[in-house]
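The numbers here are math on the coordinates, done by the rules we state, and not lab data. Since this is a predicted model, take the numbers as computed values, not measurements. Cβ placement follows ideal geometry from the backbone for every residue including glycine, while neighbour counts extend to all protein chains displayed.
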Amino acid sequence: GESVGLHLPTLSVQEGDNSIINCAYSNSASDYFIWYKQESGKGPQFIIDIRSNMDKRQGQRVTVLLNKTVKHLSLQIAATQPGDSAVYFCAETLKTSYDKVIFGPGTSLSVIP
Amino acid sequence: DAGVIQSPRHEVTEMGQEVTLRCKPISGHDYLFWYRQTMMRGLELLIYFNNNVPIDDSGMPEDRFSAKMPNASFSTLKIQPSEPRDSAVYFCASSLARGYTFGSGTRLTVV
């Protein structure tokens, strides 16, 4: 179904450590997943995406893992920096409506210098 | 490219007034989306267009909300009459294929 906003989970990490942000999705018809980063006062910004026929994709300092068996998505950020502090959203699209992106509730990442 | 441009950045209006939010998508993008963001409900898709034609408006909360896209470079979201519960940040996004680019949003406060 459609995502509904909940109390925002928060993750605090020390600068230089790796961060892992998790996301669960419920619709088995979802076939494309995206991670977005939203800094305060700005719109969400694309980070990385992954199709359902993949289980891992790497970008610059970021890796997305997809486990379709348990409907779980994660974003790993290597060597977390203060500039990574933001709210991170996972988003999904359905096979039947690939241009309609549905956002999860988001996770707030706070980096401790 | 200047990205997706939204105006105004902030809008404060009294309950019952008409509000019009504006969006200029990235040139060449054929999809345009309107989202609303609140702490309670997160990011909600209101409506989206493809080649200026509305494709899905199932997220539009009530008849008080309407959206238009008269040409490829401009879209409006109108609320008439506005209510305090419409207070939120409204985002416009555009895309070509599967990459969304969001604008900076319009923070609407209805008092």
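The calculated FRET efficiency for residue B:9 paired with residue A:72, based on their beta-carbon distance and R0 = 41 Å, is about 0.65. Assuming R0 = 22 Å, what is the FRET efficiency of residue A:45 and residue B:96, from their Cβ-Cβ distance, to the nearest 0.05? Here the calculated transfer efficiency is 0.85.
Do the alpha carbons of any pairs in A:95/B:68; B:24/B:68; A:100/B:24; A:100/B:68 sit beyond 21 Å of each other, and which pairs? From the list (A:95/B:68; B:24/B:68; A:100/B:24; A:100/B:68), the Cα-Cα distance tops 21 Å for A:95/B:68. Charging the Cβ of each Asp and Glu at -1 and of each Lys and Arg at +1, and nothing else, the dipole of the protein assembly as shown about its Cα centre rounds to 340 debye. 3J(HN,Hα) along the stretch B:49-54, derived from phi through the Karplus expression 6.51 cos²θ - 1.76 cosθ + 1.60 where θ = phi - 60°, amounts to 10, 10, 6, 6, 9, x Hz, with x in place of Gly and Pro. If a/c stays under 1.5 just call it rounded; otherwise compare a/b with b/c (prolate if a/b is bigger, oblate if not). Do that for the protein assembly as shown, with a ≥ b ≥ c from the square roots of the Cα gyration tensor eigenvalues. Prolate is the answer for the protein assembly as shown, as a/c is 1.5 or above and a/b outweighs b/c. When +1 charges are put on Lys and Arg Cβ atoms and -1 charges on Asp and Glu Cβ atoms, the dipole computed for chain A relative to its Cα centre reaches about 260 debye. Inter-chain neighbour count for B:33-40: the average number of beta-carbon atoms from partner chains within 10 Å of each residue's beta-carbon is 3. Between A:89, A:26, A:46, the Cα set farthest toward the positive side of the dipole of the stretch A:25-107 (charges on each charged residue's Cβ, about the Cα centre) is that of A:26. Neighbouring Cβ atoms from other chains, within 10 Å of the Cβ of residues in A:36-43, number 4 on average.
In a DSSP loop and with at most 12 other Cβ atoms within 10 Å, the GluC sites (Glu not before Pro) in the stretch B:18-82 are B:18, B:62. The packing ranking, built from the mean of other Cβ atoms within 10 Å per residue, places the peptides A:80-93, A:48-61 in the order A:80-93, A:48-61, highest first. Placing +1 on the Cβ of every Lys and Arg and -1 on the Cβ of every Asp and Glu, with no other charges, gives the stretch B:16-111 a dipole of roughly 280 debye about its Cα centre.
Using DSSP, restrict attention to beta bridges with both residues in the stretch B:1-109 and report what percent are antiparallel, rounded to the nearest 5. Of those bridges, close to 95 percent are antiparallel.
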